[in-house]
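Structure first, then comments.
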């Protein structure tokens, strides 16, 4: 459940949490992908792979425990983020 940005999630006591990071990343990265996804349909696979890399990097920021060598797909699933191909189709 997403709370308004002005509210802290229960138990956070005003410190920066993964919740806050998720809200910020969703606002700046995922909203841009979703904003014009009708324009993105039909793009070559090479272009959507670049967008997927951006999304993977955003997931690594949110899930700070991931290293560069860890698979990001479980993190995307945990965050309930669809891959770029599914977002634009």
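The values are calculated or read from the model by the stated rules, or taken from the named source; none is laboratory data. Computed from a prediction, not measured in an experiment: that's the story for all the values here. Because the Cβ atoms are built from the backbone with ideal geometry, glycine has one as well, and the counts that use them run over all protein chains shown.
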Looking at the stretch 26-64, which of the residues that are under 15 Å from the mean Cα position of the chain (by Cα) and not in a helix (DSSP H, G or I) is modelled with the highest pLDDT? 63
Of the residues in the stretch 65-89, those that are within 13 Å of the chain's Cα centre (by Cα), in contact (Cβ under 8 Å) with a residue 24 or more places away in the chain and either within 19 Å of residue 38 (Cβ to Cβ) or not in a helix (DSSP H, G or I) (or both) come to 81, 83, 84, 87
Taking residue 47 as the residue in question, decide whether it is on the phi < 0 side of the Ramachandran plot and surrounded by 15 or more Cβ atoms within 10 Å (Cβ to Cβ). no
